Amino acid sequence: MLRFILSRLVQIAITFFLFLTVVFLLFQAMPGDYTKQFIMNPKIPPEARKALQERLGLTGSVWDQYIHYVRNVFTGNLGVSFQHYPREVWDIIKERLPRTAVLFLVAELVAFALGYPLGKYIAWRRGRTSDYVVTVTGILFYTIFTPLLAIILLFVFSNALGWFRSGGFLTPSLWLRPPVQPQTVFLLLTATVLGLLGLWSGSFFLTKRIGHPRPRAWTRRGLVLFGVILATWAWWSSGLGPYVWDIVWHMFLPVLAVTLISFGGTMLLMRDSMLEVIREDYITTAKAKGLPDKVVRDKHAARTALLPTVTNFTIGLGFIVSGGIVTETMFSWKGMGLTYLEAVLQQDFPLAMGCLTFTGILVLLLHLVVDVLYALLDPRISY
Amino acid sequence: MTTQVGTRFEPLWKIRLRLFLKSFQKNWALFWESRIGPIGLGIILVFVLMMIAHPILMATVWEPRVYDPIMGFDPTLLGKHPAPPSRAHPLGTDPIGRDILSQLMWSTRSEFALGVTSALITVVIGTLIGAICAYFGGVVDAIFMRIADLVMLFPFIALLMVLRSVVHLDLLRLALVMGILSGFGGITITLKAQALTVKVKPYIEAAKVAGGSAFHIIRRHIIPNIMPLSFLYMMFNVTGAVFTEAVLSYFGLLDIRMSWGIMIHTAASAGYLGAFSQYWWLWAPPGAAITLLCFAFYLVGRGLDTVVNPRLRKR
Amino acid sequence: MRKALAVVAVVGVLAAGQVLHIGLFEDLTTTNIWAQIGPDATVWNTYVLGGQYGSLYGSVPPTWTWLPSLADGFPSDFVEEDGKWVATVKIRQGITWTDGTPLTADDVVFTFNVLLTQVGGMRMALALGGNWPAYCPDTLLAVEKVDDYTVKFVYAEEPGLGEWTFGALGCPIVQKAYWEPKFQAALQTEDPAGSLLAVVPVDEPILGGYDFARWEPGAFAVVERNPTYYGTGEILTLYEGGGAEISNPRLNYRFEAYGGAKTGPVLHKLVEGPYVDSIIYPIYLNQDAAVLALQKGEIAMFLNPLGLAKGFEDRLKATPGVQIIANPPWGFRYLAFNMRREPMNYKAFRVAIATLIDREYVANSVFQGIITPMYSVVPESNPFWHNPDIVVYGKGLTHAERVAEAVRILKEAGFSWDAEPKVINPGTRNEAVIGVLPDGQVVPAPKGFKLPDGRYCPELELLAPSAGYDPLRATFALYIEQWCRELAIPIKANLTGFNVIVNKVWAPDGFDFDIYMLGWSLGNPAFPDYLYYFWHSSQDVPDGFNTPGYRNPEFDRLAEAFLKAKSVEEARPLVFRMQELLAEDVPYVVLFDTPIKEAFRADMIEFPYTEVLGGIQFVWPLTTVKALK
């Protein structure tokens, strides 16, 4: 196992290095440079432009710049943003990432919680009307033009019903003299969600000893419910309640949009992998033994079919940056996606490269996690 | 050896055709049975009809000065644009007086061209590389797999946003870039896996023993056997390409004169998008068209899936 | 006693102060003054932060009258002293920073000393970049303290308007006590300018009406009323004849300029506040959200340098309480020819294209009045500098007449066709350049456009923004392409990204384009010095601003004299003549611009005036606006 992880790490390092090189070359190939934007003011003398170029590290040979960039990345320094000069790229990512992370984590989890059982259900009801209806609906949401979905949601919930604000992540008048930074709230929210996720997966191990499936399921649900109540209580009693609520309230529409889009994908994948598993011999055996359908479905089939779904889910998390571009723009949610879009449009190369590099690292790490998960969970695979 | 005089050999192509028709019939039945596949096909047909109808309408009923999708302008409604649907303009006009229906129909052609070209390139590259990797393995395989890993590390839309300032992206180039990028991406891994299952079949061994060259075996045995899967992926890739173009156009990042994405962008940048129901004809038709075309190709893909992948079939 | 009453009145007004919400479309990028004027010179930073500082003089909207603000009266004339040119400026007494200390000559001298300091072989002003070099022109040698309230400016040669009136005297002044230690520390580092830009100011003493209070990145920024603001209660009276009067009862200060009250009836009487306790600037990342917020009354207005798009206007018109106003823009969108290349080097060719362009048709028919046709490089909206009597090729002609005229001009200059364009049925609905004449004679499509030397005209590229960036310019470019193609002039519109055009026009080794279409937003309306930068032959160098490559010795002389002019009256005839030359030689074809439409809630915010060049966003820094609800 250790050897496997090590060899994967080496491969990842090579891929990552190639990735960095491609990112660098890509941005080198972009015509012009950031200082061109300053050309729009004729009163700026050429010397000032030269000085700026030097300050931004835009002079020197391509090779020097490349070495500089790679060295920077490996020392955990993503450079200084042009737009926000002299703020560090890493500092900007630190500010924006939690906003995106909470949004997508919650949405993906809800989508998973919806898509998994639905996929399981329709696979079992293969060929019936309910299968077609749910499948077609799932595909429709999966292929819907994201801006269109956002427009419809904003129209219904913000404009017509007036339940939610049409953008942003907080109400300014509430946050004039807050006891806490929104930054912190986002981080704590991420922690809460991850904690609940941990509690949920931990509950499987905790309830292992309970013999009967029904009380076991109830205990599990109870545990999760307890966690949710505990978290809510903790937030409320900390006096941060209104502030957290403000942010959660603002999150609702974007979360709904991402959920609707990704639940279809999860569901379809779950359905297909279920159908594949159903054909496996051991399922036939289980059925032949006369086990009830529900047991075969939930205990035998679903567990195996879960693997590709989880894999997809995990790797998908790595792409929140690009996935966020559309959603975050539509809902004015200033996270990583919008940051990247702006950086590219404004030719703020370090920031754009920083976002891409960060995504690359994240995806690679998640790939590793998936590999390890596979090795641990799938009895058919051993290393 | 006796010569069989009088017995007429059936020509090879006829046998092939017959076999093809037979398998086509069988597959078509399976496709039909999937129920969702035909729905998709139906929607695509409607779009094809729209595409064909546009030049005919322009040549007969629609006066080009008024109905040209890019340069058209209806002077009779001066000061009233964007005008709501009327008899002259069944889907209304856009903020600068162009007919929405004409734009919608005209753009269908470019969407098809883009989607199909891009998907075709992807599938050709993916199939070739998948087959080659599976057959040769070793270094060749390792190189292409690393390339695939690398390509998959890039968020697609994010990457195109950068590329569009490196390459002047018109419709054809966009199709090319998207096709090539996805061709070297994840599809090679999937198709290679499929090709590997073919490679171990006895007839490949037989062909090798018979002295078939690598090229011959890949061309005549491996590729035909992964073709159905490639075809299936092609459908999904059309969805991907159309969607990506629409998103980039919506952000105003492409150098295309007209497309469904541009139509929504025009409404948005002129400030009509947020009025929702008040100016619905500006965003609903193109939005629905993008969604439906993506949806349709995806449905066809799913339908084909049941043909290609026996496990998904009805028991 | 009168003074006391005035103070009471002022306090009474202030007690009614409230909170204003004003939307922004982009986030701040810094809170540091050096960065905000330097590399982070975005309009959004200026909106929020610029109001904290003051300068010795400034051009005051809505009339853009140049008046003292921190200074006491106008500067002295320049006198020559040992080969250098010296003038003095008096500083107003009684102005205090927010920490209670008075503004003195030391602060002014310190600010300029920072800019004049040599770092790494250049002046700090250059190293900081942005607008700093404009405030610290090359010819400025030193700024010295004469006494606590007088400073002396020393120039190498007698400065013109650009270096003096609209240059150094407009520089924002910072507090010496706060910045001195930070500046000294920065000087000790390897990159002093970088270190100065990196300072994050905390509780920086300021002079202006609003003090920056809080910035929540990505969400909002807040400024609060400066209770010690020197200008509170100050009355600025602008007279119709151009006179102005400043009177500040609290500081017992009075100043009359340009003839003061003698110049006719009062045009504006502006009483400085600030009247609101704080302004919250929520950041909206898309305009739709801001429009919705305005409709709901969550914000009183939003700032938008480009003005409202037509759709937003249509939607807001119907909202009760919302008022929409239109102001003339201070900019233009134009077509530029590369006069270094054939056939754009022929004046006749440029004139012919200019003749073909029917601005009124595009403006009135295609865009239904949302754009305003423009003709001069100085917009009409600035009557002081705009020359109304310039030649406009093809003005008032019909399409057929334009075609005939263009053909005539081109033929006269020696251009020719294989098949020459002829208009049939002129003036009727069936007017066309190709078709069948009533007598049955067939007019073939024009083809084979040839240069005077007989060679065929090469394919020309017209670079213009894509519909994604600016649908107006994209459509306009397509019309120009169509009009030219009709005459077989092989121009092809390439609609592409803004960055692509900029990087081709200002290519690293010179100007790499045939024809392009872009827009300029111009600087200070009081002093159109862009005329020099855009067309003077010295700017015809790589990365310079004379993109067409216009070289006209007469224009050069006028432009130089203009920059060196000592007064606007002296400069005016020069600017008029420059416009005539440019209109005649057409290096640029000025096309159009859009009026700046802005919306605000008349039931929440009150402006002292709404007619101002460039829009009410120039009613700034909002020390004269009131909150109503």
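The values are calculated or read from the model by the stated rules, or taken from the named source; none is laboratory data. Remember, predicted model here, so these are calculated numbers, not experimental data. Here the Cβ is made from the backbone with ideal geometry for all residues, glycine too, and neighbour counts use every protein chain on show. When the accessible area is computed, the model is the full protein with side chains, heavy atoms only, and any ligands, DNA or RNA have been set aside. Shrake-Rupley method; radii C 1.70, N 1.55, O 1.52, S 1.80 Å.
Picking from residues in segment A:164-187 that are more than 10 Å from chain C (Cβ to nearest Cβ) and farther than 26 Å from A:THR329 by Cβ, the one that is nearest to the chain's Cα centre (by Cα) is A:VAL180. Here the helices (runs of 4 or more DSSP H) wholly within segment C:57-139 that include at least 2 residues being aromatic (Phe, Trp, Tyr) are C:105-116, C:132-135.
Taking the condition among the acidic types (Asp, Glu), over 22 Å from C:GLU26 (Cβ atoms) and either in contact with a Ser or Thr (Cβ under 8 Å, 6 or more places away or on another chain) or not assigned by TED's automatic domain parsing to the domain that holds A:THR146 (or both), does A:GLU276 pass? Full working, then the answer.
Numbers: among the acidic types (Asp, Glu): yes; over 22 Å from C:GLU26 (Cβ atoms): yes; either in contact with a Ser or Thr (Cβ under 8 Å, 6 or more places away or on another chain) or not assigned by TED's automatic domain parsing to the domain that holds A:THR146 (or both): no.
The answer is no for A:GLU276.
Only one of B:VAL167, B:VAL177 is surrounded by 18 or more Cβ atoms within 10 Å (Cβ to Cβ) and of a type outside the set (Lys, Arg); which? Step by step, each of B:VAL167, B:VAL177 is checked, and only B:VAL177 is surrounded by 18 or more Cβ atoms within 10 Å (Cβ to Cβ) and of a type outside the set (Lys, Arg).
Results for (1) within 30 Å of C:ARG315 (Cβ to Cβ); (2) of a type in the set (Ser, Thr, Tyr); (3) away from every other protein chain (no Cβ under 14 Å); (4) touching a residue at least 60 places away in the same chain (Cβ under 8 Å), shown as yes or no for each residue.
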position	(1), (2), (3), (4)
A:GLY162	yes, no, no, no
A:LEU194	no, no, yes, yes
A:PHE204	no, no, yes, no
A:THR207	no, yes, yes, no
A:ARG216	no, no, yes, no
A:VAL228	no, no, yes, no
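The set of residues from segment A:93-127 being at the interface with chain B (Cβ under 10 Å from one of its Cβ atoms) and open to solvent by 30 Å² or more (accessible area, probe 1.4 Å) comprises just one member, A:ARG126. Being open to solvent by 50 Å² or more (accessible area, probe 1.4 Å), among the hydroxyl-bearing types (Ser, Thr, Tyr) and away from chain A (no Cβ under 14 Å) is the requirement here; does B:SER213 meet it? Taking the combined requirement at face value, the residue satisfies it. If you filter segment C:206-218 down to residues that are more than 22 Å from C:GLY100 (Cβ to Cβ) and open to solvent by 10 Å² or more (accessible area, probe 1.4 Å), you find that the one that is farthest from the other protein chains (Cβ to nearest Cβ) is C:TRP215.
Filtering segment C:29-44 to residues that are crowded, with 23+ Cβ neighbours inside 10 Å, more than 9 Å from chain A (Cβ to nearest Cβ) and under 20 Å from the mean Cα position of the chain (by Cα) leaves C:GLN36, C:ILE37. For segment C:487-498, filtered to residues that are open to solvent by less than 30 Å² (accessible area, probe 1.4 Å) and within 14 Å of chain A (Cβ to nearest Cβ), the residue that is modelled with the highest pLDDT is C:THR496.
Does B:SER165 satisfy the criteria of being hydroxyl-bearing (Ser, Thr, Tyr) and away from every other protein chain (no Cβ under 14 Å)?
Working: hydroxyl-bearing (Ser, Thr, Tyr): yes; away from every other protein chain (no Cβ under 14 Å): no.
It is false that B:SER165 is hydroxyl-bearing (Ser, Thr, Tyr) and away from every other protein chain (no Cβ under 14 Å).
Close contacts from segment C:487-509, counting a first residue that is in the same structural domain as C:ALA406 (by TED's automatic domain parsing) and charged (D, E, K, R) and a second that is part of a helix (DSSP H, G or I) and surrounded by fewer than 19 Cβ atoms within 10 Å (Cβ to Cβ), with Cβ to Cβ under 9 Å and a gap of 6+ residues or different chains, come to C:LYS492/C:ARG485.
Every residue, every condition in (1) within 14 Å of chain A (Cβ to nearest Cβ); (2) small (Gly, Ala, Ser); (3) open to solvent by 40 Å² or more (accessible area, probe 1.4 Å); (4) touching a helix residue (DSSP H, G or I) at 6+ places or on another chain (Cβ under 7 Å), yes or no:
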residue: B:LYS80; (1), (2), (3), (4): no, no, yes, no
residue: B:ALA83; (1), (2), (3), (4): no, yes, no, yes
residue: B:PRO90; (1), (2), (3), (4): no, no, yes, yes
residue: B:ILE96; (1), (2), (3), (4): no, no, no, yes
residue: B:SER107; (1), (2), (3), (4): yes, yes, no, yes
residue: B:PHE144; (1), (2), (3), (4): yes, no, yes, yes
residue: B:ILE157; (1), (2), (3), (4): yes, no, no, yes
residue: B:LEU160; (1), (2), (3), (4): yes, no, no, yes
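Checked against the criteria, C:PHE576 does not count as in a loop (DSSP other than H, G, I, E, B), aromatic (Phe, Trp, Tyr) and either open to solvent by less than 60 Å² (accessible area, probe 1.4 Å) or over 21 Å from C:ASN382 (Cβ atoms) (or both). Look through segment C:252-273, keep the residues that are touching an Asp or Glu at 6+ places or on another chain (Cβ under 8 Å) and in a strand (DSSP E or B), and return whichever of them is nearest to C:THR624 (Cα to Cα). Checking each candidate, the answer is C:VAL271. Are any of the residues in segment A:244-263 assigned by TED's automatic domain parsing to the domain that holds A:ALA113, of a type in the set (Gly, Ala, Ser) and more than 22 Å from the chain's Cα centre (by Cα)? No - not one qualifying residue is present in segment A:244-263. Can you name the number of the only condition in (1) of a type outside the set (Phe, Trp, Tyr); (2) within 21 Å of C:ALA526 (Cα to Cα); (3) crowded, with 20+ Cβ neighbours inside 10 Å that C:ALA257 fails? Looking at each condition in turn, C:ALA257 falls short on (3).
So, A:LEU188, is that one open to solvent by 60 Å² or more (accessible area, probe 1.4 Å), aliphatic (A, V, I, L, M) and over 23 Å from A:TYR116 (Cα atoms) or not? Yes: the conditions hold for A:LEU188. When C:SER466 is tested against the conditions (1) among the polar types (S, T, N, Q); (2) closer than 30 Å to B:GLY261 by Cα; (3) open to solvent by 10 Å² or more (accessible area, probe 1.4 Å), the lone failure is (3). The number of residues in segment C:61-81 being closer than 15 Å to C:PHE618 by Cα and either free of Cβ contacts under 8 Å to residues at least 60 places away in the same chain or open to solvent by 40 Å² or more (accessible area, probe 1.4 Å) (or both) comes to 2. If we scan segment C:385-392, do we find a residue that is within 23 Å of C:GLU481 (Cα to Cα), buried (at least 18 other Cβ atoms within 10 Å of the Cβ) and in contact (Cβ under 8 Å) with a residue 12 or more places away in the chain? No; the residues of segment C:385-392 include none that is within 23 Å of C:GLU481 (Cα to Cα), buried (at least 18 other Cβ atoms within 10 Å of the Cβ) and in contact (Cβ under 8 Å) with a residue 12 or more places away in the chain. Every condition in (1) free of Cβ contacts under 8 Å to residues at least 40 places away in the same chain; (2) open to solvent by 10 Å² or more (accessible area, probe 1.4 Å) holds for A:PHE145 except the one numbered (2). The one condition from (1) open to solvent by 20 Å² or more (accessible area, probe 1.4 Å); (2) within 14 Å of chain C (Cβ to nearest Cβ); (3) modelled with pLDDT of 90 or more that B:ALA268 does not meet is (3). For segment B:278-297, the candidate set comprises residues that are free of Cβ contacts under 8 Å to residues at least 24 places away in the same chain and within 12 Å of chain C (Cβ to nearest Cβ); within that set, the residue that is farthest from A:VAL156 (Cα to Cα) is B:TRP283.
One residue alone among C:ASP512, C:ASP543 is modelled with pLDDT under 85 and open to solvent by 10 Å² or more (accessible area, probe 1.4 Å), and that residue is C:ASP543. May I ask you to verify whether C:VAL114 is among the aliphatic types (A, V, I, L, M) and surrounded by fewer than 19 Cβ atoms within 10 Å (Cβ to Cβ)? No: the conditions fail for C:VAL114.
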